[in-house]
Amino acid sequence: MTTGFTIWFTGLSGAGKSTLSELVERELRARGRRVEVLDGDVVRTNLSKGLGFSKEDRDTNIRRIGWVCEVLTRNDVVAISAAISPYRAIRDEIREKIDRFVEVFVDVPLEVAIARDTKGLYKKALAGEIKQFTGVSDPYEAPLDPEVAIDSAAETPAQSAARIIAKLEALGYL
């Protein structure tokens, strides 16, 4: 029996995906699980270097992350993806390929994401300096039925991580 599974964090830039993935990773490692985190920024630098931000390139990037998650999962590793992954159809395509898949929607109002933006990306996107920026000039399609929905403006990261762990326990993955 496979003990691996994939946790797929999705949400706008600045929603808290990376923060939550780090907290969940720490808890899973403390429980003796093998874990790999595929952070969107890190993947773009290493696995998807050269891809732009067109819909086709975004889909390719997310499919690559999905393939790595699929391989890790079937080899009894917990794969954590923390990438915007803005298009529902590609996330659903990946869900179909991974038996033990937990989608975590990290929701945040755009104003809060803008206020959290330490890199100044939203400011540049709103000024038209960055084209195809998710949530500003490019769409984000929220999941219709995620296993966990987080309101990162209303919960602390620790509260959200605890809810994710509780869901993994309820699913029998932990």
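Considering only 8, 168, 60, the residue lying farthest towards the positive end of the dipole of the chain is 60, judged by Cα position with unit charges set on Cβ. Axis of helix 88-97 versus longest Cα principal axis of the chain: the two differ by about 20°, to the nearest ten degrees. Distance between the modelled labels on residue 118 and residue 131, one decimal in nanometres: 3.0 nm (7 Å Cα→Cβ projection). Sequence-ordered 3J(HN,Hα) estimates for the range 159-168 from the Karplus curve with 6.51, -1.76 and 1.60 and θ = phi - 60° stand at 5, 5, 4, 4, 5, 5, 4, 4, 5, 4 Hz, glycine and proline given as x. Classification of the range 90-174 by its C-alpha gyration tensor yields an oblate form. The axis ratio a/c (a ≥ b ≥ c) is 1.5 or more, and b/c is at least a/b.
Here's how it looks for residue 6: its modeled amide H is under 5 Å from those of 79, 100, 101, 102, which are all 5 or more places away or on a different chain. Sorting 33-46, 64-77 by average packing, meaning the other beta carbons within 10 Å per residue, from highest down gives 64-77, 33-46.
Computed extension gain for residue 154 through residue 76, at 0.36 nm per residue and net of the alpha carbon distance, reaches 24.7 nm.
Charged neighbours of residue 28, selected by a Cβ distance under 14 Å, balance to +1 (K, R count +1; D, E count -1).
Once the Cα atoms are used to define both axes, helix 55-74 deviates from the longest principal axis of the chain by about 10 degrees. Assuming charge only on the beta carbon of Lys and Arg (+1) and of Asp and Glu (-1), the dipole of the range 1-114 about its Cα centre is about 280 debye to the nearest 20.
Legend: calculated FRET efficiency, residue 41 to residue 171, from the Cβ-Cβ distance at R0 = 35 Å, rounded to 0.05, equals 0.80.
When the trypsin sites (Lys or Arg not before Pro) in the range 103-149 are filtered for DSSP coil states and for at most 13 other beta-carbon atoms within 10 Å of their beta-carbon, the remaining sites are 119, 131. Give the shape of the range 22-119 as rounded, prolate or oblate, defined through the alpha-carbon gyration tensor: a ≥ b ≥ c are the square roots of its eigenvalues, a/c under 1.5 means rounded, and otherwise the shape is prolate if a/b is larger than b/c and oblate if not. It is oblate, given that a/c is not under 1.5 and a/b is not larger than b/c. The three principal axes of the C-alpha atoms in the chain carry coordinate ranges of 50, 34, 27 Å, sorted with the longest axis first.
Read-outs: derived from the displayed coordinates by stated rules, not from any lab. Every value quoted in this text rests on a predicted model; they were computed, and no experiment measured them. All Cβ positions, glycine included, derive from the backbone under ideal geometry; neighbour counts span all protein chains shown.
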